[in-house]
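**Q** Here's a structure for you.
The values are calculated or read from the model by the stated rules, or taken from the named source; none is laboratory data. If you're wondering where the values come from, they're calculated on a predicted model, not measured in any experiment. No Cβ is skipped: glycine too gets one built from the backbone with ideal geometry, and neighbour counts run over all protein chains shown.
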Amino acid sequence: MANKSAASTPSVLIHDRVQLSRILLSAPIVVKICIFGMLTVFALAFFAPWIVPFDPNKTSILNSLKAPSWTSGGHPEHLLGTDRLGRDMLSRLIYGLRVSIGLSVLGVVIGGLIGTALGILAGFVGGILDRIVSALVDIQIAIPFLLMTLVAIAALGTDIWVLIGLLGVAGWETYARVVRSQVIAIRSRPFVEAAYAGGATHMRVALREVLPNLVAILTVLLTLNFPAILLLEASLSFLGLGVQPPTPSLGRMVGDNRNDLALAWWTALTPVFLILIVTLMIQLIGDWLRDVFDSRLRDGRFQ
């Protein structure tokens, strides 16, 4: 029996890889471009310390507001020009991308873990715990989160860990609501009842039977929630309440350079353009994943 199980595992993995390859190959060309673009973005963010041409925080007043090298009269060494302090815009954009993407990933993961855990508990246990989670969800929805964030920053300060915590609790209610409804629908299915009949505990059923059936919907939620977290971080940094100088982030760069827009448009518009492109690519990938998983769920291929 053990040999049979060990032999069947590689075939299952190979089948999953083939299935994933077919899904990716059947994706529209726009989605393939977006996937390639996001892989490039993550690669730039990860390898930022090794690929930036200049120190992103090094100032040079003599090179203040130099135009990009590809424009008329641009500085030949600075591809995207410099800001008011003479810092290289390309280097700051890459590092800003690293900071913004890193904070957004942490926020999405933390929010997904909190919401998924509470949704599973509420769906399985029910009763007073379900009512408490539902009440917390209603409170989170009723109160504008940006207002809650401003109050929290005023009370706790602008430390980076405060920002990570705020980004982590943003959007958890979406995961909790969706996961709760899915758990309530799944817990009455035959394979769950069979697991209970075999002596499985609630924890084992949740981890081994229910959670794998939530992977598809959680993947879509994570993808669709990522742009919102990225924009929240950019908004807080733009207002001076997020990432603090001299550390660059995309929102911080827009806020610092907005007064130079008339003289040096590249200092503010390039980070805005990068935020727009990243959020658009993730949104298109998320919409495609939702369509793929919805059709496969309707066909019963995830059961």
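**Q** Within the group 140, 182, which residue is of a type in the set (S, T, N, Q), more than 20 Å from the chain's Cα centre (by Cα), at pLDDT 80 or above and closer than 17 Å to residue 115 by Cβ? Please lay out each step first, then the result.
**A** On the way: 140 fails: more than 20 Å from the chain's Cα centre (by Cα).
Only one candidate passes the filter, namely 182.
**Q** Looking only at the range 264-274, which residues are assigned to a helix (DSSP H, G or I) and in contact (Cβ under 8 Å) with a residue 60 or more places away in the chain? Reasoning before the result, please.
**A** Here is the first cut: in the range 264-274, the residues assigned to a helix (DSSP H, G or I) are 266-274.
Of everything in the range 264-274, those that are assigned to a helix (DSSP H, G or I) and in contact (Cβ under 8 Å) with a residue 60 or more places away in the chain turn out to be 266, 267, 270, 271, 274.
**Q** Read through the list (1) more than 17 Å from residue 145 (Cα to Cα); (2) outside any helix (DSSP H, G or I); (3) not hydrophobic (A, V, I, L, M, F, W, C), then give the number of the only condition that residue 242 fails.
**A** Residue 242 satisfies all of (1) more than 17 Å from residue 145 (Cα to Cα); (2) outside any helix (DSSP H, G or I); (3) not hydrophobic (A, V, I, L, M, F, W, C) except (1).
Rundown of residues vs (1) under 23 Å from residue 287 (Cβ atoms); (2) surrounded by fewer than 14 Cβ atoms within 10 Å (Cβ to Cβ), yes/no style:
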{"residue": "202", "(1), (2)": "no, no"}
{"residue": "208", "(1), (2)": "no, yes"}
{"residue": "211", "(1), (2)": "no, no"}
{"residue": "216", "(1), (2)": "yes, no"}
{"residue": "223", "(1), (2)": "yes, no"}
{"residue": "241", "(1), (2)": "no, no"}
{"residue": "247", "(1), (2)": "no, no"}
{"residue": "257", "(1), (2)": "no, no"}
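**Q** While we're looking at this one, here's another question. Given the criterion in a helix (DSSP H, G or I) and over 30 Å from residue 79 (Cα atoms), identify the matching residue among 177, 98. So that I can check it myself, show each step before the final result.
**A** On the way: 98 fails: over 30 Å from residue 79 (Cα atoms).
That would be 177, the only listed residue that is in a helix (DSSP H, G or I) and over 30 Å from residue 79 (Cα atoms).
To keep it simple, each residue is scored yes or no on (1) over 20 Å from residue 265 (Cβ atoms); (2) assigned to a loop (DSSP other than H, G, I, E, B); (3) at pLDDT below 90.
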site: 37; (1), (2), (3): yes, no, no
site: 42; (1), (2), (3): yes, no, no
site: 53; (1), (2), (3): yes, yes, no
site: 69; (1), (2), (3): no, yes, yes
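**Q** Under 7 Å between Cβ atoms, which residue pairs at least 6 apart in sequence (or on different chains) link something in the range 196-222 that is small (Gly, Ala, Ser) with a partner that is not in a helix (DSSP H, G or I)?
**A** Partner pairs satisfying both residue conditions: 216/302.
**Q** Going by what's in this entry, would residue 287 be described as more than 25 Å from residue 180 (Cα to Cα), of a type in the set (D, E, K, R) and either assigned to a helix (DSSP H, G or I) or at pLDDT below 90 (or both)? Reasoning before the result, please.
**A** Details: more than 25 Å from residue 180 (Cα to Cα): no; of a type in the set (D, E, K, R): yes; either assigned to a helix (DSSP H, G or I) or at pLDDT below 90 (or both): yes.
No; evaluated as a whole, the condition is false for this residue.
Table: residues versus (1) under 19 Å from residue 211 (Cβ atoms); (2) in contact with a strand residue (DSSP E or B) (Cβ under 6 Å, 6 or more places away or on another chain); (3) of a type in the set (Phe, Trp, Tyr).
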| site | (1), (2), (3) |
| --- | --- |
| 154 | no, no, no |
| 160 | no, no, no |
| 166 | no, no, no |
| 169 | no, no, no |
| 176 | yes, no, no |
| 183 | yes, no, no |
| 188 | yes, no, no |
| 196 | yes, no, yes |
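**Q** Checking the condition at pLDDT 85 or above, farther than 30 Å from residue 74 by Cα and hydroxyl-bearing (Ser, Thr, Tyr), which residue from 223, 279, 201 passes? Full working, then the answer.
**A** Values: 279 fails: farther than 30 Å from residue 74 by Cα; 201 fails: at pLDDT 85 or above.
Matching residue, one of 223, 279, 201: 223.
**Q** Starting from residues that are surrounded by 15 or more Cβ atoms within 10 Å (Cβ to Cβ), under 21 Å from the mean Cα position of the chain (by Cα) and not β-branched (Val, Ile, Thr), keep the ones in the range 106-137 and report whichever is farthest from residue 242 (Cα to Cα).
**A** In this case the residue turns out to be 119.
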